[in-house]
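See below for the structure under consideration.
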Amino acid sequence: MNVETVTGPISVDQLGKTLVHEHFVFGYPGYSGDSTLGRFHYDEALKIGIEVALKIMSHGVKTVMDPTPNECGRNVRLLKDISEQTGLQIICGTGFYYEGEGATPYFKSRAALGPAEEEIYEMFITEIKQGIEDTGIKAGFIKLASSKDEITDYEKMFFRAAARAHKETGVVILTHTQEGTMGPEQAKFLVELGVNPNSIVIGHMCGNTDVNYHRRTLEQGVKIGFDRIGLQGLVGCPTDQERIAVLLELLSEGYANQIFLAHDTVNIWLGRQLVVPEAALPAIANWHPTHIFENIVPELRLAGVTDEQLNVMFNQNVKSLFTKTRTIATN
Ligand SMILES: [Zn+2]
């Protein structure tokens with residue numbers, strides 16, 4: 001048993017078809033202060049979560065990794081209830097968001113007064129080994145994040161603490177990159193810190209349309225996420241067609257065994273509900289957690305992507321990710 005889900009440990013063989021980056025719940029830090037007009041209703045959230053889980057499962061998905069950072073409304077009790085009522089396996093993480101949009105004052109003030117990096121490590125290890133809050137639910141991976149064009153000193157505390165926790169436990173690391181930057185640098189930094197590249201997913205790589213940026217990352221042996229499919233034109237994202245062109249090139253170069261496809265959906269916003277300007281609505285009309293299966297997979301097949309390559313991306317890579325054997329980067 002080497003994968004911790006919100007309902008307990010499973011073996012890698014039980015993972016099955018997996019989406020590695022979907023949020024059941026997410027709130028930008030500060031949402032909790034808008035508590036009158038943006039109040040959280042547990043039963044409504046659970047209802048939406050169950051609907052979403054069932055919709056995802058109708059496409060054969062068995063497992064979802066939910067990388068909501070701790071300070072962005074991670075809610076492991078809700079995830080457990082969704083999982084128990086649907087049978088969808090959900091893996092939650094432990095980690096904080098990038099400096100620009102995370103809740104930085106807490107660990108910055110800790111850092112000003114003492115060894116915050118040590119405390120971050122303690123947080124990771126406790127949530128991985130003992131559990132989150134008093135639930136006994138364990139984090140199945142560490143979530144890291146960096147800024148646009150930079151891994152800041154604040155963010156580096158989390159990277160170093162995560163590497164330490166990884167070396168002790170073999171825990172998987174999944175990241176956020178901002179606006180298509182720092183993918184190769186995140187991979188290099190983590191590998192230099194001693195993290196097994198096989199255990200790393202560099203996230204939001206599909207925010208960058210330069211194939212060389214992808215090659216420089218993949219050559220380090222890490223896995224990458226084309227994990228914002230359907231999210232177009234917002235938060236610095238390119239279009240799906242631009243993403244697919246890069247993906248097809250990487251698949252033709254033999255990189256299927258290092259690529260994950262997901263949507264980075266947010267299914268329940270904390271605080272008041274999201275308001276998207278009318279002009280931006282068409283671009284995100286397909287930003288929902290079954291878009292890949294309904295629209296993208298058929299297009300990939302037409303472009304010559306094989307069943308085997310799809311099987312590798314949806315089923316095999318996640319098994320490899322959670323298999324704690326050390327592999328050496330081949331390039
Ligand atoms: Zn995300």
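The values are calculated or read from the model by the stated rules, or taken from the named source; none is laboratory data. Please read all numbers here as calculations on a predicted model, not as lab measurements. For neighbour counting, all protein chains shown are included, and Cβ atoms are generated from backbone atoms with ideal geometry for every residue, glycine included. To get the accessible areas, we keep the full protein, side chains included, count just its heavy atoms, and leave off ligands, DNA and RNA. Shrake-Rupley method; radii C 1.70, N 1.55, O 1.52, S 1.80 Å.
Can you give the alpha-carbon Rg of segment 240-289 over 2.2 N^0.38 Å, where N counts its residues?
1.55
Can you flag which of 223/324; 62/129; 47/80; 188/223; 129/319; 156/223 are past 18 Å Cα-Cα?
Beyond 18 Å: 62/129; 129/319; 156/223.
If we sort 255-262, 7-14 on the protection proxy, mean other Cβ atoms within 10 Å, highest first, what's the order?
Highest mean packing first, the order is 255-262, 7-14.
Quick one, can you get me the convex hull of the C-alpha atoms of segment 1-122 expressed as volume per residue in Å³?
118
For the chain, state the semi-axes of the equivalent ellipsoid (square roots of 5 times the eigenvalues of the alpha-carbon gyration tensor), sorted largest first and rounded to whole angstrom.
They are 26, 24, 21 Å, listed largest first.
With the alpha-carbon atoms as the only input, what is the per residue convex hull volume for segment 69-196 in Å³?
Spelled out: Cα convex hull of segment 69-196, divided by residues, is 114 Å³.
Can you give me the long-range amide H partners of residue 21? Hydrogens built in the peptide plane at 1.01 Å from N, cutoff under 5 Å, separation of 5 or more residues or another chain.
Close amide H contacts, sequence-distant or interchain: 65, 263, 264.
Run the numbers for residue 274 and residue 235: contour at 0.36 nm per residue of separation, minus the present Cα-Cα distance, in nm.
Contour length minus the Cα-Cα distance gives 12.6 nm.
Give the span of segment 132-245's Cα atoms along each principal axis, as three whole-Å numbers ordered largest to smallest.
42, 32, 25
Tell me which residues come under 5 Å, amide H to amide H, from residue 144 once H is placed; ignore anything under 5 positions away on its chain.
174, 175, 176
Test of understanding: express the Cα radius of gyration of segment 48-111 as a ratio to 2.2 N^0.38 Å, with N the residue count.
Dividing the Cα Rg of segment 48-111 by 2.2 N^0.38 Å gives 1.37.
Along each of its three principal axes, how wide is the spread of alpha-carbon positions in segment 209-331, in whole angstrom units, largest first?
Here the Cα extents, ordered largest to smallest, are 47, 33, 26 Å.
Compute the Kirkwood hydrodynamic radius of segment 141-200, taking the inverse of the mean of 1/r over all pairs of distinct Cα atoms, and give it in Å to one decimal.
Hydrodynamic radius (Kirkwood, Cα only) of segment 141-200 equals 11.2 Å.
Over the chain, with every protein chain in place, what whole percent of the accessible area is carbon and sulfur at 1.4 Å, could you tell me?
Reported share for carbon and sulfur atoms: 51 percent.
Find the accessible area per residue for segment 65-218; the probe is 1.4 Å, ligands and nucleic acids are left out, and the unit is Å².
Accessible area per residue, segment 65-218: 34 Å².
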